[in-house]
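Down below is the structure, laid out as structure tokens.
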Amino acid sequence: MMTKDELLQASKNKSEFIKRIFPLSTSEICDLSGISSQVIKNYANTEIVIPIVNPTGRGKVRKYDKKNLIEILISYNLSQKGIFLKTVKRIIRAIQDLNPPGIDWVNSEKYLSLNQRLFLIIYNFSTDTLRVEMKLCKNPYEIENFEKKSKDVQKVLIQQFNTININMTSLEEVIVIDVTILAKKFL
């Protein structure tokens, strides 16, 4: 487990420190992300996120890699939007199956230096026709917190991606997450 001094160092020079410290324990993920250990344990117990080291039994320490951390951050973001855990699990599995060519979603924070952003677009999340896409685009707007911007901005981005024909009046069935900014906050 990391000491408080090591955690302080992590917050000062996160990207270099993060490369050195993976895999992380549950408590280390909590300290880094601010997400409670109960939430992270629940994600592991319900197999929303599958740790790289997942021992069984009492007192055993789970270990998480960077991919797990991004999955935890996305899961938490979705949960905060009121999405049920069963649906969050489906979305995370869809992301894992997606594996888009040429897109490094695990290291998405690197796209900021290229003036690009990686967006996760989730369609029909409350139905059996769930669809997940990842799109890399030039920074179309200087948006620091994409989720708080208006539905009009989401609509423009979705139209820009030319993904599928969706009814733009029912945007509550579409969630757009800026994975680049989400990762940047913690890595």
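The values are calculated or read from the model by the stated rules, or taken from the named source; none is laboratory data. Computed from a prediction, not measured in an experiment: that's the story for all the values here. Note that we place each Cβ from the backbone using ideal geometry, even for glycine, and neighbour counts take in every protein chain shown.
Out of curiosity, is residue 117 outside any helix (DSSP H, G or I), under 30 Å from residue 50 (Cα atoms) and either modelled with pLDDT under 60 or within 14 Å of the chain's Cα centre (by Cα) (or both)? So residue 117 passes the test. Sub-9 Å Cβ pairs linking a first residue in the stretch 21-34 that is on the phi < 0 side of the Ramachandran plot and free of Cβ contacts under 8 Å to residues at least 12 places away in the same chain to a second residue that is hydroxyl-bearing (Ser, Thr, Tyr) and surrounded by fewer than 18 Cβ atoms within 10 Å (Cβ to Cβ), at least 6 apart or interchain, are 30/36; 30/37, ordered by first then second residue.
Conditions (1) touching a residue at least 24 places away in the same chain (Cβ under 8 Å); (2) among the small types (Gly, Ala, Ser); (3) touching a Ser or Thr at 6+ places or on another chain (Cβ under 8 Å); (4) within 16 Å of residue 48 (Cα to Cα), marked per residue:
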| position | (1), (2), (3), (4) |
| --- | --- |
| 67 | yes, no, no, yes |
| 74 | yes, no, no, yes |
| 80 | no, no, no, yes |
| 83 | yes, no, no, yes |
| 88 | yes, no, yes, yes |
| 110 | no, no, no, no |
| 113 | no, yes, no, no |
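Against the list (1) more than 15 Å from residue 177 (Cα to Cα); (2) out of contact with any Leu (no Cβ under 9 Å at 6 or more places or on another chain); (3) part of a loop (DSSP other than H, G, I, E, B), the condition residue 100 fails is (2).
Within the bounds of the stretch 27-35, is there any residue that is more than 21 Å from residue 78 (Cβ to Cβ) and buried (at least 20 other Cβ atoms within 10 Å of the Cβ)? Yes; the residues of the stretch 27-35 include at least one that is more than 21 Å from residue 78 (Cβ to Cβ) and buried (at least 20 other Cβ atoms within 10 Å of the Cβ). Applying the criterion of at least 1 residues that are touching a Pro at 6+ places or on another chain (Cβ under 9 Å) and over 30 Å from residue 129 (Cα atoms) to the helices (runs of 4 or more DSSP H) found wholly in the stretch 21-90 leaves 26-33.
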